[in-house]
Amino acid sequence: MTQPTDQNIRLQLMNFLKIKNVPTVQWSSDRPLNFKPRFKTFIYLVLGLILFGFGESLLIHSMIGLSPWLVLAEGIAINLNWSIGFATFACSVGVLLIWLPLKQKPGVGTILNIIIIAGTIDLSMYLFNFSTNSYLTNLIVGSLGVALVGLGSGIYLIANLGPGPRDGLMTGLQRVTQYPIAWVRVSIEVSVVCVGWILGGTVGVGTLLFAFGIGPAVAFGLSLVVKINKNV
């Protein structure tokens, strides 16, 4: 049997950056607007959303800068005296309005995304404190947060029960533009952080890490879930 060369291995590792469509696996719903999904599909959906919300909260705990959408949520929270979780909830509802020209339709996953992610953020902020005086440790916590958001996205997008508001925006724009998911997501995150900063949200190294890392993280999460499913 021919052994893979170092070049082939590198190419395989980088192929996830070229993903243009959300793949399907055996537990994926056969349609997004499925309001009676299989139990296994529902569980994976909830797991993905919890990982996403917890990953977002790790960026808050890291104190090195918020993710772009959390920068926006914090800016709104500051001005309206809301919790950051509730501001996230409000942002999600607002983004749904942008779906109209993109002809996106919400599903069970869309509704649960709005509720679970916002709830997980506030719950994590109440129960845990991962902040330290070590910048390196905080950088690791923030990086782990980005990775968990990508993995969570990969799980619940593949569940195919309707994307969350932000990912619906991402996939809708990808369908219209035909650009890779990774690059579409980066463009969205950079735009959002600018608006959030104007409103008073906190911008830092973690913001840049998320803005430029989330696209590849989501694409890698999709690829990883597919590979794990094939080996189970």
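The values are calculated or read from the model by the stated rules, or taken from the named source; none is laboratory data. Keep in mind that this is a model prediction, so the values were computed, not measured. Using ideal geometry, Cβ is built from the backbone for each residue, glycine included, and neighbour counts are taken over all protein chains shown. Protein only, heavy atoms only, side chains kept; ligands, DNA and RNA dropped before computing areas. Shrake-Rupley method; radii C 1.70, N 1.55, O 1.52, S 1.80 Å.
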Practice task
With all protein chains present, calculate the accessible area of Arg38 using a 1.4 Å probe and round the result to the nearest 10 Å².
Solution key: 120
Practice task
Just name one of Leu136, Pro68, Gly200: the one whose Cα is farthest towards the positive end of the charge dipole of the chain (beta-carbon charges, Lys/Arg +1, Asp/Glu -1).
Solution key: Pro68
Handout entry: Rounded accessible area of Thr137 (nearest 10 Å², 1.4 Å probe)
Key = 60
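Just subtract the alpha-carbon distance of Ile140 and Thr177 from 0.36 nm times their residue separation and send over the number in nm, one decimal.
Extending this stretch completely gives an extra 9.9 nm.
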Fill in the blank from the handout: For the stretch 131-144, in residue order, the Karplus 3J(HN,Hα) values (coefficients 6.51, -1.76, 1.60; θ = phi - 60°; whole Hz; Gly and Pro = x) are 5, 9, 8, 8, 5, 4, 5, 5, 5, 5, 4, x, 5, 5
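How charged is the neighbourhood of Ile121? Take every other residue with its Cβ under 14 Å from the Cβ of Ile121, and add Lys/Arg as +1 and Asp/Glu as -1.
It works out to a net charge of -2.
Rounded, prolate or oblate: which fits the stretch 40-95 when a ≥ b ≥ c are the square roots of the eigenvalues of the alpha-carbon gyration tensor, with rounded for a/c under 1.5 and prolate only if a/b beats b/c?
oblate
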Handout entry: For the stretch 149-232: rounded, prolate or oblate by the Cα gyration tensor [a/c cutoff 1.5]
Key = prolate
Problem - Residue among Leu173, Leu136, Leu151 with the largest mean-square fluctuation in a Gaussian network model of the chain, springs linking Cα atoms under 10 Å - result: Leu136
Handout entry: Selected from Phe130, Phe220, Phe52 as most flexible by GNM, with the chain as the system and alpha-carbon contacts under 10 Å
Key = Phe130
Practice task
Compute from the Cα atoms of the chain the Rg and the Dmax, the latter being the longest Cα-Cα distance, and quote both in angstrom.
Solution key: 17.4, 64
Handout entry: 12 Å beta-carbon shell around Pro37, net charge (K/R +1, D/E -1)
Key = +3
Exercise for the section: Could you size up the charge dipole of the chain around its Cα centre, putting +1 on the beta carbon of Lys and Arg and -1 on that of Asp and Glu, and report it in debye to the nearest 20? Expected result: 860
Handout entry: Number of Lys pairs (Cα under 24 Å; 8 or more positions apart or on different chains) in the chain
Key = 11
Fill in the blank from the handout: Over the chain, the sum of -39500 (n - 2.57) across DSSP H runs of at least four, divided by residue number and rounded to 500 deg cm²/dmol, gives at 222 nm -24500 deg cm²/dmol
Problem - Relative contact order for the stretch 23-136, counting Cα pairs under 8 Å that sit 6 or more residues apart, in percent - result: 37
Completion exercise
Projecting the Cα atoms of Leu102, Leu151, Ala118 onto the charge dipole of the chain, where Lys and Arg contribute +1 and Asp and Glu -1 at Cβ, the residue farthest towards the positive end is Leu102
Exercise for the section: Heavy atoms only, probe 1.4 Å: what % of the accessible area of the chain goes to carbon and sulfur, would you let me know? Expected result: 68
